[in-house]
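Accompanying notes for the structure given below.
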Amino acid sequence: MAQLKSNKTFIFNCVFIAMLILPNAIMFTGLSYIITNPKDFPSIKSSLKDFKEFYSDSFGLKTGLTNKYLSFKSDILNENPIPNRVIKGNNGWYFLGNYHNNILNDTFGNDKVSIEELESISSNINDINTYLNSKNIKFYLVVAPNKSHIYPEHLPFQLNKNPNKLEQLKEYLKKEIDFEIIDPSESLLQNKNQRQLYYKSNTHWNDFGAYIGYSYATDKINQSFPIPKTQLSNFSSKTYPLNEEDITKMINIHTNETSQFFTKQNSSVVADSLSFSFQHYLNPDVPYKLLMHRDSFAVGLIPFFNESFGETIYTRGYTLDKDLIEKEQPNVVIFEIVERNLVQALSLLEK
């Protein structure tokens with residue numbers, strides 16, 4: 001009996017050790033590539049950081065097992081594989097889940113902004129606005145609405161609607177410091193039945209939606225600062241496959257979505273500098289200079305704003321660089337922020 005128990009213990013230990021060693025053995029012998037097609041193994045010169053990233057991505061059997069799990073949940077059980085990250089909506093629409101700044105709860109107004117956050121945001125914006133006004137620079141805050149804010153009817157369920165974070169913030173800032181957020185939500189809601197304004201498999205607005213956001217913002221800016229507004233009829237369009245299905249990619253689904261993309265006909269705009277975090281354009285046809293702090297939603301806005309300003313500078317993030325302000329001396333500064341990141345970004349503003 002004692003010998004049998006000892007044998008069972010030995011077998012268990014061997015199986016346990018094998019389970020620890022096997023994935024690494026598969027990865028380092030190259031079998032993992034055949035099984036899961038991971039990234040190429042890093043060279044001996046790769047940094048420790050590169051190796052860590054490679055190991056995390058390519059740990060033996062990880063990709064294959066993960067993909068099988070996602071496919072089983074989605075195709076066989078017809079369930080959301082990662083419901084906190086991705087919400088499978090109706091009619092082929094996909095939305096971000098609460099993992100992303102509690103976005104789903106906020107859609108129905110079930111995630112309040114604390115008084116501490118409101119006070120901090122109000123103070124930050126007031127300080128930035130005061131500084132820029134002292135330089136005779138107009139300051140605007142433009143919000144890109146969440147897709148679930150514009151298309152809640154495609155969510156798999158409906159709840160009673162309460163004021164969301166954006167609405168709470170707009171009311172507080174108007175009351176406390178007389179500052180108005182440029183929010184194109186109503187304009188987008190009014191136009192969404194005419195054509196699709198957001199991608200189904202991506203978080204972002206498409207070029208139609210971006211133009212409505214640009215048009216609404218331009219109308220608001222024109223109330224106190226004169227800039228020309230380009231018309232959509234000045235752009236030609238072509239239909240292409242969507243390169244980045246950022247939502248469905250999380251759950252290993254490819255939808256083959258296509259969309260119309262716009263290009264300005266006979267544009268005078270030229271690119272002076274292009275990188276991920278900094279872009280600079282020149283347009284001799286119009287006056288004034290714009291500096292926009294932005295996120296990925298501005299990718300759709302950039303071609304339109306380039307036609308409204310003689311010089312445009314786009315930078316990632318929301319640290320107000322006073323040295324850059326002094327150097328460039330823009331006429332207008334815009335902070336463009338997607339709705340789901342609004343409270344976090346404004347609470348942490350560096351001014």
Subject >> GluC sites (Glu not before Pro) lying in DSSP loop within the range 196-281, provided at most 13 other Cβ fall within 10 Å >> reply: 244
Original post:
Considering only DSSP states other than H, G, I, E and B, which trypsin sites (Lys or Arg not before Pro) in the range 150-204 qualify as loop sites with at most 14 other Cβ atoms within 10 Å?
Top reply: 161, 195
Subject >> the range 94-347 - percent relative contact order, Cα under 8 Å, separation 6 or more >> reply: 24
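Taken together, the values in this text are just the output of simple stated rules run on the coordinates, not laboratory data. All figures in this text were calculated on a predicted structure; none of them were measured in a lab. Here Cβ is always computed from backbone atoms with ideal geometry, including for glycine, and neighbour counts include all displayed protein chains.
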